[in-house]
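Input: a single structure, listed below in structure tokens.
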Amino acid sequence: FLVDKGAHKHFMAKEIHEQPEVVGRTLAHYLDMATGRVRLPFETPFDWKDLDRLTISACGTAYIAGLIGKYWFERFARLPVEIDVASEFRYREAPLPRKGLALFISQSGETADTLASLRYAKENGQKILSVVNVPTSSIARESDVVAPTLAGPEIGVASTKAFTCQLTVLACLAVAAGLERGTLSEAEGLRLVTELIAAPGLIAEALKHEHAIEHVARDISKVTDVLYLGRGTSYPMALEGALKLKEISYIHAEAYAAGELKHGPIALIDETMPVIVIAPRDAIYEKTVSNMQEVAARGGRIVLISDEHAAAESGLAGLETVVMPNMGPDFAPIVYAVPVQLLAYYAAVALGKDVDQPRNLAKSVTVE
Ligand code: G6P
């Protein structure tokens, strides 16, 4: 990896564009491409079948990757997941299962709270699995087993390619766990792996919509508040959208689970605040559409991120859309990360902000 910006204006742009390549490289490390099966690049010092629960902890964008991982471990491996931000987990005195497994996610492998949480879990008898991007880091060294993300050096302070690589590794781990625990049939495992193998190509397709996304982002750069909505794995994606926008453009953004709209944020809806709805076509897509109708009925301004037919089928007039490729729903976050990242990037660029070095933020938070 060359640590320069290449043809890009910012490291963040370069890193967003590297995602087809680094996700592909990470997949090749965890899958046997010839047979289409998962092949973890390490021996597990635990048995997936023996686990009653998985504990996940991380900070920032890595925590959001963990939230998405929770949906996958629970769905594919029927493994209950407890997840918390590391700054809470380390002090919460959480009771942990006997012979449990704790999973930590970190790009740098040096985040102070995540490292302290790892030590707490270790002292409390947990086996430690970590998903890290820097193999020589403290978190990697103190883990029983390391699941590397092969994102290469990430320079932009706001994490992008490390995030999609974390999702890729978590997806592979969840499928491996499901096969081991017998909660996924061999055929289901093969189908899921086929979907994963399609991800790099779909990310590349999503990147082709960059100019359209830039156009929407320029509009967003003019407002002071944005609401992100999503259901299922799109709820954590909404959190990531709001986090990215805050981090680099300094626009106030909030994310809600779409079904929570009526429990509060609907009071904020007017014609000035954009509501960005992340809604890949999955089993709960229709539920999100009805939330969108609630927003539209109150004169709200909606930006829908979904596939090309979704806008027409929603029956809502005047909807702004960000078009994503048609794809299976299981691993949508790996592809929908692209518009979420680009919206924040281009909003920040339109406002003339220092995208790679946002004010007050550090790439690696090694102090509490
Ligand atoms: C900082 C960075 C984020 C990152 C978080 C966790 O806040 O600005 O981009 O997600 O730390 O960092 P880690 O290295 O543990 O993934």
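3J(HN,Hα) along the range 167-173: 4, 4, 5, 4, 4, 5, 5 Hz, from the Karplus curve 6.51 cos²θ - 1.76 cosθ + 1.60 with θ = phi - 60°, whole Hz, x for Gly and Pro.
Taking trypsin sites (Lys or Arg not before Pro) across the range 74-112, the ones in a DSSP loop with at most 15 further Cβ atoms lying within 10 angstrom of their Cβ are ARG78, ARG92, ARG98, LYS99. Each label point is 7 Å from the Cα along the Cα-to-Cβ direction; what then is the distance between the points at GLN293 and THR183, in nm? About 3.4 nm, to one decimal. Both radii are taken from the alpha-carbon atoms of the range 198-239; with Rh as the Kirkwood radius, Rg/Rh is 1.06.
Rounded to the nearest 0.05, the FRET efficiency derived from the C-beta distance between LYS9 and HIS252 at R0 = 30 Å is 0.75. Where both bridge residues fall in the range 1-128, DSSP classifies roughly 15% of the beta bridges as antiparallel. As a calculated quantity, the FRET efficiency between ARG98 and ARG141 at R0 = 30 Å, using C-beta atoms, amounts to about 0.75.
Highest-first packing order for the peptide set 255-268, 193-206 is 193-206, 255-268, based on the mean count of other beta carbon atoms within 10 Å.
Calculated over the chain, the projected area of the Cα convex hull averaged across directions stands at 17.4 nm². Note on VAL223/SER364: beta-carbon distance plugged into 1/(1 + (r/R0)^6) with R0 of 30 Å gives a FRET efficiency of 0.45. Taking every Cα-Cα distance in the range 206-354 and sorting them into 10 Å bins starting at zero, the pair-distance distribution P(r) comes out as 12, 48, 36, 5 percent. In loop segments of the range 17-125 as defined by DSSP, the GluC sites (Glu not before Pro) with at most 16 further C-beta atoms inside 10 Å of their C-beta are GLU43, GLU93. Averaging the sequence gap over all C-alpha pairs within less than 8 Å and six or more residues apart, then dividing by the number of residues, gives the chain a relative contact order of 19 percent. Spin-label model, THR194/HIS215: points 7 Å from Cα along the beta carbon direction are separated by 3.5 nm. By the equivalent-ellipsoid construction on the alpha carbon gyration tensor, the range 166-231 comes out with semi-axes of 36, 16, 8 Å, ordered largest to smallest. Converting phi to 3J(HN,Hα) with the Karplus coefficients 6.51, -1.76 and 1.60 and the offset θ = phi - 60°, the range 192-198 yields 5, 5, 4, 5, 5, 5, 6 Hz in sequence order, with x at every glycine or proline. Taking other C-beta atoms within 10 Å as the exposure proxy, SER159, SER106 rank SER159, SER106 from fewest upward. Computed log10 I(q)/I(0) for the range 229-315 at 0.14, 0.18 Å⁻¹: -0.44, -0.74, from the Debye equation with unit scatterers placed on every C-alpha and solvent omitted. Gain on full extension, evaluated as 0.36 nm per residue between GLU271 and ASP47 minus their Cα-Cα distance, stands at 75.3 nm. Which values of log₁₀ I(q)/I(0), to two decimal places, follow from the Debye formula for the range 248-293 at q = 0.24, 0.27, 0.28, 0.33 Å⁻¹ with a uniform point scatterer at every Cα? Treating every Cα as an identical point scatterer, log10 I(q)/I(0) equals -0.98, -1.14, -1.19, -1.39.
Counting every C-alpha pair in the range 41-153, the share spaced more than 22 angstrom apart comes to 23%. DSSP bridge analysis restricted to the chain gives an antiparallel fraction near 5%, rounded to the nearest 5. The alpha-carbon of LYS244 sits under 27 angstrom from the alpha-carbons of these lysines, leaving out residues fewer than 8 places away in its chain: LYS5, LYS9, LYS14, LYS70, LYS161, LYS208, LYS222, LYS262, LYS287, LYS353, LYS363. Rounded to the nearest 500, the helix-only mean residue ellipticity at 222 nm of the chain stands at -14000 deg cm²/dmol, with each DSSP H run of n ≥ 4 adding -39,500 (n - 2.57).
Computed from the Kirkwood radius of its Cα pairs, the Stokes-Einstein diffusion coefficient for the range 157-280 at 37 °C and 0.692 mPa s stands at 197 µm²/s. Put one equal scatterer on each alpha carbon of the range 302-368, apply the Debye formula with no solvent term, and list log10 I(q)/I(0) at q = 0.25, 0.27 1/Å to two decimals. For the range 302-368, the Cα-only Debye profile gives -1.08, -1.16.
Restricting the calculation to Cα atoms, every distinct pair contributes to the Kirkwood radius of the range 101-184, found to be 13.3 Å. Highest GNM mean-square fluctuation among PRO236, PRO95, PRO20, for the chain modelled with Cα contacts below 10 Å: PRO95. Binning the C-alpha pair distances of the range 140-197 at 10 Å intervals from 0 yields a P(r) profile of 21, 40, 29, 10, 0 %, listed from the shortest bin outward.
Rule-based calculations on the coordinates, nothing more; no lab input. In this text, all values refer to a predicted model and were calculated from it rather than measured experimentally. We place every Cβ from the backbone using ideal geometry, glycine too, and count neighbours over all the protein chains shown.
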